[in-house]
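Have a look at the structure below before the remarks.
The values are calculated or read from the model by the stated rules, or taken from the named source; none is laboratory data. Model, not experiment: these values are computed from the prediction. Don't worry about glycine lacking a Cβ; one is built from the backbone with ideal geometry, like all the others, and counts go over all protein chains shown.
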Amino acid sequence: MAKEINPDSRCTCGSGKKYKNCHGAAAAVSGTAKKIPKAYIGAAALALILAGIVFYKTQSKPAKTQVWSEEHGHYHDAP
């Protein structure tokens, strides 16, 4: 089993820096952060935009022969 390194101790590379500010910082980033390719982010954004456009365009709009009924809270055919 690997020995735990105290982040506040001096780095083993001999730079004189603390381990957490030298090789420990790189180890922390590479172990926990995963990069998502920008193409996936762009594709997801484009898909959301297109879905919003489709949703907006497919919403039912009242026909010109319909009137709003305050009593019922929806459109009715015009008399």
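Of the residues making up the stretch 1-12, those that are at pLDDT 80 or above and exposed (fewer than 10 other Cβ atoms within 10 Å of the Cβ) number 0. Within the stretch 13-34, the set of residues being outside any helix (DSSP H, G or I) and either of a type outside the set (D, E, K, R) or modelled with pLDDT under 70 (or both) comprises 13, 14, 15, 16, 22, 33, 34.
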